[in-house]
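S.K.: Before I ask anything, let me first share the structure, which is written out below as structure tokens.
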Amino acid sequence: MPTFLQHKIPPPVLGVLVALGMLYLAKAGGSLNWPMGVRWLGAFGFFVVGLAIELTAIISFRKAKTTINPLTPNDSSQLVAHGIYRLSRNPMYVGMVCQLLAMSWYLAAPITLLGLPVFIWLINECQIKPEEAALKERFGEHFHQYQARVRRWL
């Protein structure tokens, strides 16, 4: 991934771009003949789970009084390693994946599932790897221990 894209595109914007790609794929590919109720219920469930994960992560950052801006990891005043961050180093991005899964479920077009690995790859390359480098520099051994203890995604 070219370094000029690192920390340049806010993760929610990446999510929206992938979602737009998923919409395009849904129109181009076939869809499952699921009843609308099943589509709404499943999509709602995945969306709510994703939102709950994201809000829990944001609350953890607020309690720690550190930045939630993913474009400026050098502004982090603390390494948040409690709460939901004991389960994933990137719960906000896990939440976004759940929301993209919600959209794929609603569209009922299996080809839209291709958006999930694309989003994960983009976030890993454009956001997570540079974030981790900044956190290693800022928190040193403490981050290294956290990284060894907690998985990047789940």
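The values are calculated or read from the model by the stated rules, or taken from the named source; none is laboratory data. Computed from a predicted structure; not experimentally measured. Because the Cβ atoms are built from the backbone with ideal geometry, glycine has one as well, and the counts that use them run over all protein chains shown. Side chains are part of the model used for accessible areas, which takes the heavy atoms of the whole protein and leaves out ligands, DNA and RNA. Shrake-Rupley method; radii C 1.70, N 1.55, O 1.52, S 1.80 Å.
S.K.: Principal axes first, then extents: for the Cα atoms of the chain, list largest minus smallest coordinate on each axis, whole Å, largest first.
M.R.: 52, 33, 23
S.K.: Can you name the helices of the chain, as whole DSSP H runs, whose Cα span along the helix axis is 30 Å or more and whose Kyte-Doolittle mean is not below 0.0?
M.R.: Answer set is 36-63.
S.K.: Report the residue, chosen from LEU41, LEU23, LEU32, that carries the largest GNM mean-square fluctuation when the chain is represented by alpha-carbon nodes joined by springs under 10 Å.
M.R.: LEU32
S.K.: At what distance in angstrom do the alpha carbon centres of segment 80-154 and segment 35-71 lie from each other?
M.R.: 13 Å
S.K.: Once both labels are modelled 7 Å past Cα along the beta-carbon direction, what's the PHE44-SER31 spacing in nm?
M.R.: With each label placed 7 Å out from Cα toward Cβ, I get 1.8 nm.
S.K.: Skip the ligands, DNA and RNA, and give the accessible area per residue of segment 35-78 with a 1.4 Å probe, whole Å².
M.R.: About 63 Å² of surface per residue is accessible.
S.K.: Can I ask one more? Among LYS136, LYS63, LYS27, which one moves the most in a GNM of the chain with springs linking Cα atoms closer than 10 Å?
M.R.: LYS63
S.K.: Less than 15 Å from a label point 7 Å out along the Cα-to-Cβ axis of THR67: which backbone N atoms in segment 107-132 qualify, by residue?
M.R.: Backbone N within reach: 127-128, 130-132.
S.K.: Moving on. Using only alpha carbon pairs under 8 Å that are at least six residues apart, calculate the relative contact order of the chain and give it in whole percent.
M.R.: Once divided by the residue count of the chain, the mean separation gives 38 percent.
S.K.: Rank PHE139, PHE46, PHE61 by mean-square fluctuation in a GNM of the chain with C-alpha springs under 10 angstrom and give only the top-ranked residue.
M.R.: Between PHE139, PHE46, PHE61, it is PHE139 that shows the largest mean-square fluctuation.
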